[in-house]
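Student: Quick one: structure below, then a few questions.
The values are calculated or read from the model by the stated rules, or taken from the named source; none is laboratory data. These numbers come from a predicted model, not from an experiment. Cβ placement follows ideal geometry from the backbone for every residue including glycine, while neighbour counts extend to all protein chains displayed.
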Amino acid sequence: MLKIGSVCFSNPLISAPLAGISDFPFRELARYFGVSLTYSEMISSAGICAENDKSKNFTFVKGEHPISAQIFGRDPDMIAYAAQYFEDQGADIIDINFGCPVKKVSKQGSGSALQRDINRSKEVITTVRKAISIPLTIKCRLGWNPAEENYLEMARIAEGEGVDAFCLHPRYAVQMFKGVSYWSKFHDLKPILSIPIIGSGDIKTSEEISFHLNEYPVDFIMLGRGLMSNPWIISDYLKKEHPPLLETILMHYDLMLQYFDNELLVSTRFRKFIGKYVKGLSNASELRVLGNELTCRDDLLELFAKINV
C-alpha cells in the first residue's frame, strides 16, 4: 500500500500543482482519469495572511480527497499560518514549494530562491511541521545551478525535521523548464531517505510512466505539463478505458462551467487548453487560432466540426 504519512493511495500517479491550471475542474478531470492525489495551484502564504486571496481556485470542494495544498513564501511563520489555514479547510497534505524558478516568485526569495538558503529552508520546514498535524511534503529542484547543488542536503533536513515525502524535479533552477532533467540523481537520493520519493519532470506518455517507475527508485510519479495535453496517459497507464478527444474536451469545459458559472470567463480561461488538446493534429494551427477566439460553449461546438481525429 502506497502511503504518505497516514494518507493511503491506490496508485503512484499524482497531478502536479500548476499555476493557472490546477483549479478544481482540472483536478476533477485528473481524478476522473485516475490519479490518486491532486495538488492545488501554488498558493501565496502572504496572500493568505493578508486575507486578500479570495480566488475560488484556492478553495477545496467537499469530498475532494485526497488533496494537497502547495504553499510558497519565505517567512516561516506566514507559511505556517497558511498551512494551518488549509488544514482547517480540509487539505489532506501540505506541500511547501522550494522549486519554482519563475522570476516573480524567486525575486521574493521564495520557491527555488528559498532552497538556496539552507538555514532558512530548515526553519521553514521546522516551523510548519510544528504547526500542522497532517502530512507534510516538500518539492525541490537539484539546486540553483550545478555549483549550488543541494538537493541531498535538503532531503536530509526534510526527513530529519519530520517531512513525510520528498518531491524532486531533477533540474536546476537556472534551467527553468528547458534542457535535460537529470533523473539519474534519484539513484543518489534513495540511499539517504526512508520516506517516499516523488519524481517529477518530463513525463508525457504512459510508457514513460512505466519506464521511470521501473528505472528509478521513486515511489510516485508527478504529472505536470504533459497532463495538460494528454490526460489519457493516466488511464492508459492504469489500463482503463477513457473517453475520446472531443468528449474529453467537452467534459473539461463543462466542469469549468459548472464550477465558475460564467460562460465568458470559462471560455476565456479554456483557450489555453485548446492549444494543448489539439497539439499534433493536422490542422492544429487553425484550431489554436479559433480556440483563442472562444467566447461561449457554442463556439466550442463549432470548433469541434473542424477537428480532424
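Student: Pull up the stretch 215-240, narrow it to residues that are aliphatic (A, V, I, L, M) and under 15 Å from the mean Cα position of the chain (by Cα), then point me to the one that is nearest to residue 12 (Cα to Cα).
Tutor: Here the residue is 221.
Student: Going by the structure shown, is residue 176 in contact with a strand residue (DSSP E or B) (Cβ under 9 Å, 6 or more places away or on another chain) and either under 30 Å from residue 77 (Cα atoms) or not assigned by TED's automatic domain parsing to the domain that holds residue 82 (or both)?
Tutor: No: the conditions fail for residue 176.
Student: Okay, moving on. What's the number of the only condition in (1) surrounded by fewer than 18 Cβ atoms within 10 Å (Cβ to Cβ); (2) touching a Ser or Thr at 6+ places or on another chain (Cβ under 9 Å); (3) modelled with pLDDT under 95 that residue 162 fails to meet?
Tutor: Condition (3) is where residue 162 drops out.
Student: On the given criteria, is residue 77 among the charged types (D, E, K, R) and touching an Asp or Glu at 6+ places or on another chain (Cβ under 8 Å)?
Tutor: It is false that residue 77 is among the charged types (D, E, K, R) and touching an Asp or Glu at 6+ places or on another chain (Cβ under 8 Å).
Student: Among what's in the stretch 147-165 and is part of a helix (DSSP H, G or I) and touching a strand residue (DSSP E or B) at 6+ places or on another chain (Cβ under 6 Å), pick the residue that is farthest from residue 187 (Cα to Cα).
Tutor: 158
Student: From 39, 81, 85, 32, grab the single residue that is aromatic (Phe, Trp, Tyr) and closer than 29 Å to residue 194 by Cβ.
Tutor: 39
Student: Listed residues 6, 40, 36, 15; which is at pLDDT below 95 and polar (S, T, N, Q)?
Tutor: 40 is the lone residue from the list that is at pLDDT below 95 and polar (S, T, N, Q).
Student: Limited to the stretch 217-236, what total is found for residues that are hydroxyl-bearing (Ser, Thr, Tyr) and either over 19 Å from residue 37 (Cβ atoms) or surrounded by 21 or more Cβ atoms within 10 Å (Cβ to Cβ) (or both)?
Tutor: Going through the stretch 217-236 one residue at a time, the tally reaches 1.
Student: I've got another one for you. For the subset of the stretch 17-52 comprising residues that are of a type in the set (A, V, I, L, M) and part of a helix (DSSP H, G or I), which member is surrounded by the fewest Cβ atoms within 10 Å (Cβ to Cβ)?
Tutor: Of everything passing the filter in the stretch 17-52, 50 is surrounded by the fewest Cβ atoms within 10 Å (Cβ to Cβ).
Student: Restrict the check to the stretch 120-131 and report whether at least one residue is surrounded by 21 or more Cβ atoms within 10 Å (Cβ to Cβ) and not in a helix (DSSP H, G or I).
Tutor: no
Student: Could you pull out the residue among 188, 202 that is among the acidic types (Asp, Glu) and surrounded by fewer than 16 Cβ atoms within 10 Å (Cβ to Cβ)?
Tutor: 188 is the lone residue from the list that is among the acidic types (Asp, Glu) and surrounded by fewer than 16 Cβ atoms within 10 Å (Cβ to Cβ).
Student: How many residues are in contact with a Lys or Arg (Cβ under 9 Å, 6 or more places away or on another chain) and either closer than 23 Å to residue 114 by Cα or in a loop (DSSP other than H, G, I, E, B) (or both) when one looks only at the stretch 2-16?
Tutor: Here the count works out to 1.
Student: In the stretch 225-239, is there at least one residue being modelled with pLDDT of 90 or more, part of a loop (DSSP other than H, G, I, E, B) and closer than 27 Å to residue 175 by Cβ?
Tutor: Yes, that holds for at least one residue.
Student: Now a separate question. Which condition from (1) under 25 Å from residue 238 (Cα atoms); (2) modelled with pLDDT of 95 or more; (3) charged (D, E, K, R) is the one that residue 74 breaks?
Tutor: For residue 74, the exception is condition (1).
Student: Residues of the stretch 78-99 being in contact with a helix residue (DSSP H, G or I) (Cβ under 6 Å, 6 or more places away or on another chain) and either farther than 14 Å from residue 42 by Cβ or assigned to a loop (DSSP other than H, G, I, E, B) (or both), which ones?
Tutor: Passing the criteria: 78, 80, 81, 84, 85, 98, 99.
Student: What do you reckon, is residue 110 in a loop (DSSP other than H, G, I, E, B) and within 17 Å of residue 78 (Cβ to Cβ)?
Tutor: The answer is yes for residue 110.
Table: residues versus (1) of a type in the set (D, E, K, R); (2) closer than 16 Å to residue 230 by Cα; (3) out of contact with any Pro (no Cβ under 8 Å at 6 or more places or on another chain); (4) surrounded by fewer than 19 Cβ atoms within 10 Å (Cβ to Cβ).
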| residue | (1), (2), (3), (4) |
| --- | --- |
| 263 | yes, no, yes, yes |
| 266 | no, no, yes, no |
| 275 | no, yes, yes, yes |
| 278 | no, yes, yes, no |
| 287 | no, no, yes, no |
| 291 | no, no, yes, no |
| 296 | no, no, yes, yes |
| 299 | yes, no, yes, yes |
| 305 | no, no, yes, yes |
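Student: List pairs: first residue in the stretch 268-285 and within 14 Å of residue 296 (Cα to Cα), second residue surrounded by 13 or more Cβ atoms within 10 Å (Cβ to Cβ) anywhere in the structure, Cβ distance under 6 angstrom, at least six positions apart or on different chains.
Tutor: Note: pairs meeting the criteria are 270/253; 271/291; 271/294; 274/291.
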